[in-house]
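Structure first, then comments.
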Amino acid sequence: MAADYTAARVNMIEGQIRPNKVTDPFVVEAFLAIPRERFVPEALAGVAYVDEDVPVAPGRYLLEPMVLARLVQELSLTRADKVLAVGVATGYSAAIMAELAGSVVALESDPALVEAARKALSGVAGVTVVQGDLAAGHAAKAPYGAILVDGSVPEVPASLLDQLPEGGRLAAVVINAAGLGEARYYRKVGGVVSHRILFDAAVQPLPGFERRAEFVF
């Protein structure tokens, strides 16, 4: 018989998400609706709801619930939005945002994780899983009203920002000059993208975003 993780899901909401400035009832309901244990290896189902990043493959993780919830809340998703989720791993963030947005394009670079995401997301309406270079985004279905980067990056590449329309939003954790993670919110207004820092966040890095070495004379 499959274990019932309903109580763990409620405890995640009440102990991690609500106390950390996540007040949007629709975001809370999305996290309550999606079984996080479905998106981790079976052996780790018992720790699916801990307040830290959970490994799902070598070098790949599900974002800490509180961090993901705050980033999703900041995007203010509606059914009018088409969302790009970058680096979805097994697809948990895409499932959460599918509860809030009109459609979600779930981008993943690792072929094994692409298959894992498709399996985990079977039956979740409005999500399309695609394989490709994470830093390049998925221009074929752009523009996106909102983009979520599912892990930390040294910088948000122009290739992603270019896939935002006027008024488009992007949320990501960016490693600053001191080596610390900052959750940031980006928005395109008048064709110009600006950002603000939301909170400090120590999350695992996404592959494929490594800063290129600069030539020094």
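The values are calculated or read from the model by the stated rules, or taken from the named source; none is laboratory data. This structure is a prediction, so every number in the text was calculated from the model and none was measured. Every residue, glycine among them, receives a Cβ derived from its backbone with ideal geometry; neighbour counts consider all protein chains shown. Quick note on the areas: whole protein, heavy atoms, side chains included, nothing else; ligands and nucleic acids left out. Shrake-Rupley method; radii C 1.70, N 1.55, O 1.52, S 1.80 Å.
Couple of notes before you dig in:
- Hey, residue 213 under 28 Å from residue 110 (Cβ atoms), surrounded by fewer than 11 Cβ atoms within 10 Å (Cβ to Cβ) and modelled with pLDDT under 95 or not: yes
- Which numbered condition residue 136 fails, given (1) out of contact with any helix residue (DSSP H, G or I) (no Cβ under 6 Å at 6 or more places or on another chain); (2) farther than 22 Å from residue 66 by Cα: (1)
- A single entry from 140, 116 fulfils the requirement of being assigned to a helix (DSSP H, G or I) and either over 23 Å from residue 59 (Cβ atoms) or β-branched (Val, Ile, Thr) (or both): 140.
- Look at the stretch 94-123: where a residue is under 16 Å from residue 37 (Cα atoms) and a partner is open to solvent by 40 Å² or more (accessible area, probe 1.4 Å), sitting 6+ places away or on another chain with Cβ atoms under 8 Å, you get 120/38.
- Condition check for residue 147: within 20 Å of residue 61 (Cβ to Cβ), surrounded by 13 or more Cβ atoms within 10 Å (Cβ to Cβ) and in contact with a helix residue (DSSP H, G or I) (Cβ under 8 Å, 6 or more places away or on another chain): yes
- Counting only strands (runs of 3 or more DSSP E) wholly contained in the stretch 31-111, the ones carrying 2 or more residues that are more than 19 Å from residue 161 (Cα to Cα) occupy 54-57, 60-62.
- Where residue 129 falls short, out of the listed (1) under 13 Å from residue 82 (Cβ atoms); (2) free of Cβ contacts under 8 Å to residues at least 60 places away in the same chain; (3) touching a Lys or Arg at 6+ places or on another chain (Cβ under 8 Å); (4) open to solvent by less than 30 Å² (accessible area, probe 1.4 Å): (1)
- Only listed residue being buried (at least 16 other Cβ atoms within 10 Å of the Cβ), touching a residue at least 12 places away in the same chain (Cβ under 8 Å) and of a type outside the set (S, T, N, Q), chosen from 82, 21: 82
- Every residue from the stretch 177-192 that is over 20 Å from residue 86 (Cα atoms) and either surrounded by 10 or more Cβ atoms within 10 Å (Cβ to Cβ) or in contact (Cβ under 8 Å) with a residue 12 or more places away in the chain (or both): 180, 189, 190, 191
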